[in-house]
Structure formats: structure tokens, C-alpha cells
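Chemist: Quick one: structure below, then a few questions.
The values are calculated or read from the model by the stated rules, or taken from the named source; none is laboratory data. This one's a predicted model, so the numbers in the text were calculated from it and none came from an experiment. A quick note on method: Cβ atoms are made from the backbone with ideal geometry, for glycine too, and the neighbour counts reach across all protein chains shown. Side chains included, ligands, DNA and RNA excluded: accessible areas come from the protein's heavy atoms. Shrake-Rupley method; radii C 1.70, N 1.55, O 1.52, S 1.80 Å.
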Amino acid sequence: MEGAGPPDIHDSSGSDQFSDQEDFRGNTPLIDRQPGHARPLLTPHITGHEAAVTYKCKLSTALQVGYQPLRQLLRINAETYQVLRRDAMNLANLHVRLWLEGVYPNAVPPILSETFWHVAFESVAAGGETRVRGGVTGNQIWYLNLRTTYLNHFAPCRTNPQYTNPVVYAPPPLTALQNYVGQKMFSTKAKTNTTLHLLTNMDAFMVRAFNAQLKNMEDDGVHFPKGTAKFARAAVKRIKTNVLFGEHDWWATIGMNGQHPQALQAFYGLFLQQYNAAVQGNAFDNIADNIRTLYPGILRFSGWMLNHCVGDRQDIRKWSLLPIAKHQIGYMPFNNYALYLLTLEAHQLYHLPIPGMLINQHGDVMNASGFRQLTEGVNGHNKDHFWSQIFNFDRVNRHFRRFINNQQHNILLSEKALNFGFETDGVSISFRFIKKRTESYPQSRKEFQFLPREIQALGDEDDLEVWQRGIYHLNKEPQFAHPEVFQGEDRHFDVIGIDPGVRALFTAVGHHEPEDLADVQWRRRNIKTISNGEYQLRSGFTRSRQHELIIREHAGIQQSYDHLTEHPPTVGSSAGFAEYLRNLFMIHNDMHHFNTHYRHRETRERNEASRHMVMDTMADYIVSGRAKIPVQSASKHSRSRRKKVRQRTRDQDVLVNGPVVERAVVIAYGDADLRGTTKTLAPVPVKAFRRYLGKRALVVCTDEYRTSKVCYGCDNTLLDINDQNML
């Protein structure tokens, strides 16, 4: 029945599967991930904890000489994987919309099941004739419904009867490698992305939907003194806590003055009713714990907001019910068994030699079960030997510990162990490693909230000498260390304050006396700042965007992008999404040819490397006290000239200010809730730059509450003064 809960599906998972939690968080033993079960904080004198890290380089650099032809095969596989991934997610989006419209009232789509996403991945490549496995039987209702969606609704979008050749887009074939990656890695990532999409975006979607209705009322003459957006945020805040419209007169606090139309009160009640039906009485903070049973109601609520609240309004940003894949070529994940399938495919297509360890005693290539037995368990050293025959890890990272066996699992602080996984787009490759980290405190605010209160903060200078790197959040414990630690001329570290911003990426100032700020010359010498425009110029962000538009115009593909913009996937109806699919498949061949033949991936890799170098330079500029290197364009200045300018700048700085003295640094970083993107400005790094600083110094995230109102010296409220000589 339609009101029934999601079906109980067994998700098959093998030993080769990597979870998303492993990808980004690592296996840190510091805290239990569940709230209310935080473990005791470790002392700063521990040997470290395991964490997952990645190292990226060019694919040609990582491959051994005899396996360089794998570059072309990996490039083709990444392109094929991107198409299958995009179509599988589009099929799921279309299927969910049909279910919301009542086409399939007998079963809820199990979108939080890995098996569901694997079947969708197989369907878009194999023409709907999926090979049923993993506990799924061919007569299961959700399986039959998904196949019906593909045959009757998705596949017809790939044809155009008006053309001589009605098939406008032929899907790529499903190889053994693609099928395995779809089963083990795509399904896990799709399930995780769907869960995060439903959980993390729900609050924003509610604000947009409520704001759309307020704008409709504003068009009818209703006046909102402080704007519809602020009223919508206030209303959603009360709805999440199940507050009635007339309770506490909350709407009077945002300028309504007790006057409100009946239509507003009626819509508030309807919105609250729909929300309560979706969450089934659960508190907003507890939705994540019960997402597997609540997701059908959340999907219905999201569809209701998109269709009945937002509708056709063009001034409200719409959203998709499920995640939508990008059109550019992304990264394809690999693990140990996927690499084995890749070597077999390379041997069949390019006649590349099979690693000798994969040849059995009869001279035949080892089968899958034999390969797993050879490389898993106590035979882990064979896995390392297999990977080393294909990749040259001495060129990737010289300082990592070779895998010996499963019993030796201790990693020294200076060592890294291969985690036997990588991602590649055919141009660059990102390897997974495990290393020991020395930070005992979590490095993200979300993980820090799981820690218990009354944390043993740094109390004396000896502790501060140990904690020389990392990020410390003050949102739970307001006092980081005793004040006397930061006082005195004989201290062994410097204190730097940083105020992040959007127009000015950061403004940094070191230890000073209050009267120093009145000295203009002192401010010019000691206050360091980099603007948003300077960061964009140094990183090449603006130039790369302009170059992309020029390439589109030169290739004649810009019209296809504009045509697709007129039919977006952010619609609530199945008919609207099918129209998006028809337009996408009409231009698929041109767009795919453009994305695969132009050097987009090479340009993306170059821009990413440039941004990393810029943030490294900015972090060194703050922590080490070196002079700022003048901006030099790579297209206008040769490499030798840029090198000479950098060296001349450093030499002049040494003559004026003396040599740089390496000292421990503590950075008080303003913990402002800034977004990386602003409507009128280009994107800037907010949390990423803080992590770069944390590699060089101890970063203390400091709350900025009332810092612009209260004097830091006497704690009195500041006065408004108009002076031309202001900081």
C-alpha cells in the first residue's frame, strides 16, 4: 500500500567495498560517531591516530613504464562510468516522481538501498535486462516497477520518431569492470549522497518553499516590513519546533505588529501539517537517526513544496528530489578487485602483459576466486606486490610504509600505508593512504560537538609546545588556555589574529599594543591582507572561467548548454523531468564529444594545482612572516622570470627585516559563518584555507560574537567615530 514503509532489502557488501565514511573521515579512534557516546579525550602526548589521506598526481607519473597504455583505457572507462552514473541517477529521479504521482502505489522505491542503485546502474546500460542478484528476485514489486519506468518512460526519451535514425543516443555497453564498480562503489556513494541530500538540504528547501508563498502574498498586496526571506526563516524555525502560528506571538518580533492576513495563518497551518506528516512526530534533530523509515514522507513533503509552494516562480531557486549528476567527466573509483578486472581488460584490448603473480601453475590467468585468495587475508603482502607492479609508488610518495602482513598494523607517525584504493578521471589519479595524525581533537565543528564538556584544555606553555598544529574549536569550551600562557616577552610562540571575510579573504595582525594601531606606518608593515580579487587573480579562477566560455563558443556548444538551461531537472512532475531527459539526450552526443575531446580534465587539474599553490603561499605569508610575492601571470611571464622575481623579493625582505626565525605560532581565527559563494563575488575558500593554516600552526577558531561592539582592552561598548584615519 502507499502508506506502507520501505521494503526490507538486504544490501550485499563485499570485503572490497569502501564506505563514504572511510573516504572522508578515516578510522579515527577519538570519538564515537553516535551522539551521547563520546569517548574520553586522549592526551596530547599520544602517538597519533589513524586517518585516511589522499595523494593526487598525474596518471602518467604514477604508472610503471610497461603499463603506460592503461592511461587510454582508464580515460575511456572514466567517460563511460560518468554516462552510466548520470543516467542511473536520472532514472531514479524519474521513478520517484512517477511514484509520487501515484503510478506505483503498491511499493515505495527503496532509494536508501544499495541494491536499488545497482539495478538502476545496470538498467540504463543493459536495456533494462538486469541480472538479478544480491537477494533480489525478479518478482519483487519495486524491481518490476523500476524496470517498467525504464522501458515505458526512460528508454522512449532516447528516441525521436521524427529522425531517420530514431535512436538519438545509444547507451554504452556494460563491461565486467563497470558492472563491478556500479555494484560495489557507485551504489554505496549514491545511497550516501541521497541520504545527505534529504537530510542536509531539508531546512533550506523549507525556507525556499515558504518564501515562495510569501512572495505570492506580497504580489497580492501583503506587506512584510523586514522582507519575505526573513519572515520565511523565522516561520521555518518555529515549524521545526512545532510552534503554532499564534503561540508566543513570534511573528510580531519580525515587524508584523500583530497584523497578519488569514491566508498567511492558513498556509502556516497547512505547512506545519505537511511537515508533521513527513517527520511523524520526530524532532528535527532526530530525523537522521530514523531516516530509513522517514524518507518516504520526506520525499512526499519535498515534492509537495516543489509543486504546490514554489510552482512556476522564477525568482525562487528550485531543487531536485534526488541528487543529479554533473555532465563533466568525473572520477571513477577503483579498489583491489577492480584493478584486477582492469588488468584483464587491458590484456584483452591492448595485449598488455598480465602480472606474473596472476598466472597459475597451468599458465592460465587466475580467476576471481583465486585472485581474492591470493591477495586477501594473511596474504596481504601479495596485494602490495600486485599494486607495485602496475604503479610506481616511489614517484607518487617516497615516504610510505610497504604493506607486510595484516598482523603488522602499527604505523609510525612519519609513515603512511597504502589503503589500496584510488580514483581517476583518466588524467589525474588520487591514491588512498592511511597515516598517523597527531591531533587529538577533531578537526571539524560537527565532530567536535560529539565531545563531552569540561575538556582538558591547554593549561601551560609545555602543552602548547606539544600542540603545534591542528585546529581547536571554541564553540563548546570558551576558554582555550590560561591567559598567562599568552603573556610575557619570554614566550616561545607568536600569536596572530585573523579576521576572515568575503571581499577581503583575510586580514591578519600579530601581537601589538593598543597604541600601535594608531600608527599608519606600523599598520602598513604588520597588518597583512589579501583581497578576493587578488586571490582570484593568483589562482587563475577568473581566467579559467573565461577560457571555458571561449572554448564553448569556438566549439559551437554554448547553444546546447543554453537549450538545456531552458529545460532544467529541478521540476516536480514526471512530465517536466521527461522533457529534460529528451532535451539532454538530443544534445548528448555533442556534449559528450565536447567534454571528452577538449582538454577540460587537464585544465581542471592545472587550476586545482594552482589553487593549492596559492593557498600554500598565503599560509606561508602569514605563518612564516615572509614577504608577499608579486602577482605574476604564467601566460605573460616565463618560469625563469617568475623564479627570479620570487627570489629577489625574499632577498630584499631579508635585507630589510632580517632572516626569518622559525617559531611556534598560535592563530586566533575568526569563526565566522561565511559561505564560500556570494551572489556578487567569485567563490573563495573559507574552511579550506583554515586547514592549510592548521598544517603549519595551531589554529584556534574564536567566536566573533560582539567583537565589533566591544573593546577587547576594556570590555566597554565602542562608540561610532567618523575619522579619515581609520583602520
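Chemist: Among the numbered criteria (1) under 30 Å from Gly470 (Cβ atoms); (2) surrounded by fewer than 16 Cβ atoms within 10 Å (Cβ to Cβ), which one does Pro630 miss?
Modeler: Exception for Pro630: condition (1).
Chemist: Could you pull out the residue among Arg313, Arg300, Arg317 that is loosely packed, with under 15 Cβ neighbours inside 10 Å and in contact (Cβ under 8 Å) with a residue 60 or more places away in the chain? Working first, answer last.
Modeler: On the way: Arg313 fails: loosely packed, with under 15 Cβ neighbours inside 10 Å; Arg300 fails: loosely packed, with under 15 Cβ neighbours inside 10 Å.
Unique residue meeting the criteria: Arg317.
Chemist: Is at least one residue of region 589-600 among the hydrophobic types (A, V, I, L, M, F, W, C), surrounded by 14 or more Cβ atoms within 10 Å (Cβ to Cβ) and touching a strand residue (DSSP E or B) at 6+ places or on another chain (Cβ under 9 Å)?
Modeler: No, because not a single residue in region 589-600 is among the hydrophobic types (A, V, I, L, M, F, W, C), surrounded by 14 or more Cβ atoms within 10 Å (Cβ to Cβ) and touching a strand residue (DSSP E or B) at 6+ places or on another chain (Cβ under 9 Å).
Chemist: Does Gly380 satisfy the criteria of being modelled with pLDDT of 85 or more, assigned to a helix (DSSP H, G or I), farther than 22 Å from Ala609 by Cβ and open to solvent by less than 80 Å² (accessible area, probe 1.4 Å)? Let's see the steps before the verdict.
Modeler: On the way: modelled with pLDDT of 85 or more: no; assigned to a helix (DSSP H, G or I): yes; farther than 22 Å from Ala609 by Cβ: yes; open to solvent by less than 80 Å² (accessible area, probe 1.4 Å): yes.
Taking the combined requirement at face value, the residue does not satisfy it.
Chemist: With under 30 Å from Leu306 (Cβ atoms) and β-branched (Val, Ile, Thr) as the only criterion, which of Ile550, Ile557 stands out?
Modeler: Checking each option against the conditions leaves just Ile557.
Chemist: Given the condition at pLDDT 90 or above, hydroxyl-bearing (Ser, Thr, Tyr) and under 22 Å from Tyr580 (Cβ atoms), answer yes or no: does some residue in region 94-106 qualify?
Modeler: Looking through region 94-106, at least one residue is at pLDDT 90 or above, hydroxyl-bearing (Ser, Thr, Tyr) and under 22 Å from Tyr580 (Cβ atoms).
Chemist: Where in region 562-635 are there helices (runs of 4 or more DSSP H), lying wholly inside it, with at least 2 residues that are closer than 30 Å to Ile667 by Cβ and either free of Cβ contacts under 8 Å to residues at least 24 places away in the same chain or hydroxyl-bearing (Ser, Thr, Tyr) (or both)?
Modeler: Numbers: elements: 574-586, 588-597, 600-623.
Qualifying helices (runs of 4 or more DSSP H): 600-623.
Chemist: Taking the condition of being surrounded by 14 or more Cβ atoms within 10 Å (Cβ to Cβ) and in a loop (DSSP other than H, G, I, E, B), how many residues in region 548-561 meet it?
Modeler: So the answer is 1.
Chemist: In addition: Going through Leu458, Leu418, Leu413 one at a time, which residue ends up being at pLDDT below 80, open to solvent by less than 20 Å² (accessible area, probe 1.4 Å) and of a type outside the set (S, T, N, Q)?
Modeler: Going through Leu458, Leu418, Leu413 in turn, the sole match is Leu458.
The rows are residues; the columns are (1) within 24 Å of His592 (Cα to Cα); (2) open to solvent by 70 Å² or more (accessible area, probe 1.4 Å); (3) modelled with pLDDT under 90.
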position: Thr159; (1), (2), (3): yes, no, yes
position: Ala170; (1), (2), (3): yes, yes, yes
position: Phe186; (1), (2), (3): yes, no, no
position: Ala209; (1), (2), (3): no, no, no
position: Gln213; (1), (2), (3): no, no, no
position: Gly258; (1), (2), (3): no, no, yes
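Chemist: Okay, next question. I'd like to verify a number: residues in region 516-547 that are under 26 Å from the mean Cα position of the chain (by Cα) and in a helix (DSSP H, G or I), how many? Don't jump to the end; show me each part of the working.
Modeler: Quick first cut of region 516-547, residues under 26 Å from the mean Cα position of the chain (by Cα) only: 530-547.
Keeping just the survivors that are in a helix (DSSP H, G or I) gives 532-539, 541-547.
Residues flagged as under 26 Å from the mean Cα position of the chain (by Cα) and in a helix (DSSP H, G or I) within region 516-547 amount to 15.
Chemist: Here's a check for you: in region 78-128, which residue that is closer than 24 Å to Gly303 by Cβ and among the polar types (S, T, N, Q) is most open to solvent (accessible area, probe 1.4 Å)?
Modeler: Among them, the one singled out is Asn106.
Chemist: Please tell me if Thr47 is under 25 Å from Glu423 (Cα atoms), open to solvent by 40 Å² or more (accessible area, probe 1.4 Å), out of contact with any Leu (no Cβ under 6 Å at 6 or more places or on another chain) and modelled with pLDDT under 90.
Modeler: no
Chemist: Step by step: first the residues of region 691-707, then only those that are open to solvent by 30 Å² or more (accessible area, probe 1.4 Å), within 14 Å of Tyr472 (Cα to Cα) and over 16 Å from the mean Cα position of the chain (by Cα), then the one that is modelled with the lowest pLDDT. Which residue is that?
Modeler: Top of the filtered list is Asp703.
Chemist: Exactly one of (1) out of contact with any Gly (no Cβ under 8 Å at 6 or more places or on another chain); (2) within 25 Å of Trp319 (Cα to Cα); (3) at pLDDT 80 or above is unmet by Gly572. Its number?
Modeler: (1)
Chemist: Just to be sure, is Ala283 among the aliphatic types (A, V, I, L, M) and in contact with a helix residue (DSSP H, G or I) (Cβ under 8 Å, 6 or more places away or on another chain)?
Modeler: On the way: among the aliphatic types (A, V, I, L, M): yes; in contact with a helix residue (DSSP H, G or I) (Cβ under 8 Å, 6 or more places away or on another chain): no.
Against the criterion (among the aliphatic types (A, V, I, L, M) and in contact with a helix residue (DSSP H, G or I) (Cβ under 8 Å, 6 or more places away or on another chain)), Ala283 does not qualify.
Chemist: Pull out all pairs, ordered by first then second residue, where Cβ-Cβ is under 8 Å, the residues are six or more apart or on different chains, the first lies in region 331-348 and is over 20 Å from Phe433 (Cβ atoms), and the second is open to solvent by 10 Å² or more (accessible area, probe 1.4 Å) and in a strand (DSSP E or B).
Modeler: Qualifying pairs under 8 Å: Leu344/Val365; His347/Val365.
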